[in-house]
Each structure stands twice: as C-alpha cells, then as structure tokens.
Amino acid sequence: MGWLENAAGRRLITYLITETRPAPQHICDLATLRATLQVGDVILIAGRSRVSSVIRRMTSSIWSHAVLYVGDLLETAEPDGERHTLVEMELGIGCASAPLSKYAREHIRICRPHDLDLHEREQVARYCILRLGYEYDVKNVLDLMRYLAPVPFVSARMRRRMLALGSGLPTRAICSSLIARAFERVRYPILPDVETLSDEGLRREILHIRHHSLYMPRDFDISPYFQIVKPALAQGFDYRKVVWAERRARPRGPQPAPAE
C-alpha cells in the first residue's frame, strides 16, 4: 500500500475523511458522558465522513468507527488542559489518543464488557496505549469490503477462510481490529464462532476466537457479551422531572385583520 504515501494517496485519504453530513442535534452532555464511562468501554461513533458512509452501507449499521476509553491512564493533554482519555485507530493518522470532547457532538453508543474487573479493563486499555503510533491498515479495510461483498454459493464462514485480511504486519490495524486484539489479551469474547458438540446426550458450545481483522464496529453493538450503556439512564434519569414545552393552543376560525 505504498501508493498511499504519495501525494495522490494523501489526497484520496483527505477526500475520504472529509465530513459530508451535519452534526446531530441530539447529543449527550459531556459531563454526563464523563461520569458514565469506565476504563475499557468501547465507544461506537456514527461518523459523518465519506469513508464512514461506505462502512455504514457495507455493514448495514450506522456505526462506522470505534474508540476505546482508557480513563486517566494517559498523561497527554490538550493546550486547554483537557486530558486525552481515548485511544483510536484513525484513517490518515494511525493509532493516536484524543480527548473525549472530540466526539462530544457525535451520535455515539457505549458498549461495556460484562464482569471484567479493573485490572483486566486496564490490561485492555494498556494494550491499546502501547500501540500508539502504529499505522492504519488500509488494506484491512479494502479486504473487509471484499469479504462483505456477496459471493454466489460461498458461505460467510468459507469466505473468512479464503480471505487473507489486512497487511499482516503487527504494527498496522484498523479501529475495530485494534480493540478486538486488546480484548483477546484477556480472553474476552466479542462475536466468537460457536461450535455445538453433542457428548453422551449433552450439548455444549465451544467458542472459537475469530481473527481480529474480521471485526467491525457494529460487532461490539450486537455482541451478547457487551452491555449497552445509556448515559442519561446511568446517571439516574427520572421521567417525572422532565419539563415539557406545552403546545400553544391555536385559535380556530377566521381571525380579524390587524388594526392599522
């Protein structure tokens, strides 16, 4: 993928990451979001760039990007003093840290692994932190598009076996594959392949780890092992305290002309 390093490749990346849609109107309060997040939470983002649109269409999901919340494990801060609490793999940049405010105006979803203790969650976070500076694996994205494209008479499982995803270099990844590898380190499942065995009348399931390069942002959303966390509900939402703007009664019938 050396062509991406020349001027034409850089122009293509700039074109792909340019935002084409306005920011959503309904956003989460940043203070509420900070109070809700825990180390090891996966944050899914409904991106607004051209490449995000491609990912949404290919995966039939609104989630086009995934970042990991690492809490206060980073020392990096913005010029205004805001600490970096996110680690992400971003097209055109690679693996980098970012402040939570970067996605404050985006439509997001929090996916929380169930029953991991603090030590295990910090292991996941530190795995990603140690990869800061790694390159984005553009070949992995192109291969995923090939994998998602329908192939007649070939099952999804067979396509996974036929396809060599990504560059194969340990220093390159995409957003979801980086996070998937981090959870593999603590043996936490995301969407494993399930094999059902019958042994003396007993059925049992054996989980097989999927290759990290096959994971997409949507997989954390549909995984049965991640809890969806709503910040407003997590902070004690009470619908009885909601203040509604009452509709003003509209007068009926013809109205007199205004006095001159």
Give V186, V194 a once-over and let me know the one that is at pLDDT 95 or above and over 16 Å from the mean Cα position of the chain (by Cα). V186
The one condition H114 fails out of (1) free of Cβ contacts under 8 Å to residues at least 40 places away in the same chain; (2) under 18 Å from S223 (Cα atoms); (3) surrounded by fewer than 17 Cβ atoms within 10 Å (Cβ to Cβ) is (1)
Name, by its number, the condition in (1) farther than 19 Å from P231 by Cα; (2) modelled with pLDDT under 95; (3) hydrophobic (A, V, I, L, M, F, W, C) that does not hold for A77. (2)
Can you tell me which residues in region 75-95 are of a type in the set (A, V, I, L, M, F, W, C) and either buried (at least 18 other Cβ atoms within 10 Å of the Cβ) or assigned to a loop (DSSP other than H, G, I, E, B) (or both)? L86, V87, M89, L91, I93, C95
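Tell me which residues, restricted to region 209-241, are of a type in the set (K, R), without any contact (Cβ under 8 Å) to a residue 60 or more places away in the chain and in a loop (DSSP other than H, G, I, E, B).
R210
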Take the conditions at pLDDT below 95 and aliphatic (A, V, I, L, M) and apply them to A104. Does it pass? yes
Among the residues that make up region 132-151, is at least one of them touching a Cys at 6+ places or on another chain (Cβ under 6 Å) and modelled with pLDDT of 95 or more? yes
Please go through region 46-90 and pick out each residue that is without any contact (Cβ under 8 Å) to a residue 40 or more places away in the chain, among the hydroxyl-bearing types (S, T, Y) and more than 18 Å from Y215 (Cβ to Cβ). S49, S53, T76
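The values are calculated or read from the model by the stated rules, or taken from the named source; none is laboratory data. Because the structure is predicted, anything quoted here is derived from the model rather than measured. Please note: Cβ atoms are built from the backbone with ideal geometry, for glycine as well, and neighbour counts cover all protein chains shown.
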